[in-house]
1. Can you name every one of the strands (runs of 3 or more DSSP E) wholly within the range 123-206 that holds 3 or more residues which are among the aliphatic types (A, V, I, L, M) and open to solvent by less than 10 Å² (accessible area, probe 1.4 Å)?
2. Looking for whichever is assigned to a loop (DSSP other than H, G, I, E, B), within 17 Å of the chain's Cα centre (by Cα) and touching a residue at least 24 places away in the same chain (Cβ under 8 Å) here; the options are ILE266, ILE260. Which one fits?
3. Of the residues VAL246, VAL236, only one is modelled with pLDDT of 95 or more and buried (at least 24 other Cβ atoms within 10 Å of the Cβ); which?
4. Please go through the range 202-214 and give me each residue that is over 15 Å from ASP309 (Cα atoms) and within 16 Å of the chain's Cα centre (by Cα), ordered by number.
5. VAL236 versus (1) touching a residue at least 60 places away in the same chain (Cβ under 8 Å); (2) β-branched (Val, Ile, Thr); (3) closer than 25 Å to THR109 by Cα: which is the lone unmet condition?
6. Between residues in the range 291-305 that are free of Cβ contacts under 8 Å to residues at least 60 places away in the same chain and residues that are open to solvent by 30 Å² or more (accessible area, probe 1.4 Å) and not in a loop (DSSP other than H, G, I, E, B), which pairs lie under 7 Å by C-beta distance while being six or more apart or on different chains?
7. Could you list, in sequence order, all residues of the range 93-119 that are closer than 29 Å to SER256 by Cα and either open to solvent by 40 Å² or more (accessible area, probe 1.4 Å) or not hydroxyl-bearing (Ser, Thr, Tyr) (or both)?
8. Which of (1) open to solvent by 60 Å² or more (accessible area, probe 1.4 Å); (2) over 23 Å from TYR114 (Cα atoms); (3) in contact with a Gly (Cβ under 8 Å, 6 or more places away or on another chain) does GLY274 not meet, given it meets every other one?
Amino acid sequence: MKLATLKNNTRDGQLVVVNRTLDQAVIVDNIAHTLQTVLDNWHDLSPKLEMIYNALNKGEINNTIAFKQTECESPLPRAYQWADGSAYVNHVELVRKARNAEMPDTFWTDPLMYQGGSDAFIGPRDEIKVASESFGIDFESEVAVITDDVPMGASVEQAALHIKLLMLVNDVSLRNLIPDELAKGFGFFGSKPSSAFSPVAITPDELGQAWDGAKLHLPLTTHFNNDLFGQPSCGVDMTFDFPTIVAHAARTRPLSAGCIVGSGTISNYDRSKGSSCLAEKRMLEIIADGEPSTEFMKFGDNVRIEMFDENGDSIFGAIEQTVVEYKR
């Protein structure tokens, strides 16, 4: 099943069911106005939406609308929780190596995670507004899951049962603000502005064999200014799978329905696959040449993040965003 949220001048948008080919949708006000309502009542409402989805794909629904990704909010325009992990530890290892910093052994056994701002996500085709290029603007191409209610202390096996939807992420980062923030010992805040998510969120069954219940085994494609930047595989070199990082997030607190948990930047040891953020490419340049040659994003730069199935069809739709100067 594929679900999206259209912009309608309200905070939480209009829920629609989208067909598999991402060109038709149907408004489902008789079931739920918002995706959050569905997640709050997943057991009761998801079967009803699944029936509509199946009928939509068979051409059995007459009151459809054209689905336009440019009219989408992020599937959840705001959420009760956005926790982003760093499941690809080789990415962390690379960044630390570039600055000659030792990596603690616990990084391989205890997931890294930060709590991001979730009150104002931006849409998948919205501009990324930043006050200054000096902040070190970067994209981070990721995958995220959305859960229903996860009890505190849930095991990894239990956490897997609470994963209801998947989507793509652009976790925007302001790299030049990060060092001073981390030096305070209190984590990210100003260096992590609003994130954006793919136009469509999907149930795991849409991925077929590419989803094994814990990892997504497909490449994530990133284009930067229309040039291919990276296609690393999401299922390769993932130190901590999704049930593990969801369980980690729920270790000391329950997670409310609508909690979003991210994978962190997709990264492979096979560097021929490219990267999913500018910072990683810069780190590779530092290691190879002693200094980076790739600049962070400038006003007018564009990033496109998308995932394709084995037939070359877009699964989640595309995040495509341009950086612009923010003016009050």
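1. 141-147, 163-170, 200-202
2. Numbers: ILE260 fails: assigned to a loop (DSSP other than H, G, I, E, B).
Among ILE266, ILE260, only ILE266 is assigned to a loop (DSSP other than H, G, I, E, B), within 17 Å of the chain's Cα centre (by Cα) and touching a residue at least 24 places away in the same chain (Cβ under 8 Å).
3. Values: VAL236 fails: buried (at least 24 other Cβ atoms within 10 Å of the Cβ).
None of the other options fit; the residue is VAL246.
4. Listed by number, the list holds a single entry, ALA214.
5. The failed condition is (1).
6. Listed pairs, sorted by first residue: PRO292/ARG282; PRO292/ILE286; THR294/LYS281; THR294/ARG282; GLY300/THR322.
7. Restricting attention to the range 93-119, the residues satisfying the condition of being closer than 29 Å to SER256 by Cα are 106-119.
Across the range 93-119, the qualifying residues are THR106, PHE107, TRP108, THR109, ASP110, PRO111, LEU112, MET113, GLN115, GLY116, GLY117, ASP119.
8. All conditions pass for GLY274, except number (1).
The values are calculated or read from the model by the stated rules, or taken from the named source; none is laboratory data. Please read these numbers as outputs of a predicted model, since none were measured by experiment. Ideal geometry is used to build each Cβ from the backbone, glycine not excepted, and the neighbour counts take in all protein chains shown. With ligands, DNA and RNA removed, areas are computed over all heavy atoms of the protein, side chains included. Shrake-Rupley method; radii C 1.70, N 1.55, O 1.52, S 1.80 Å.
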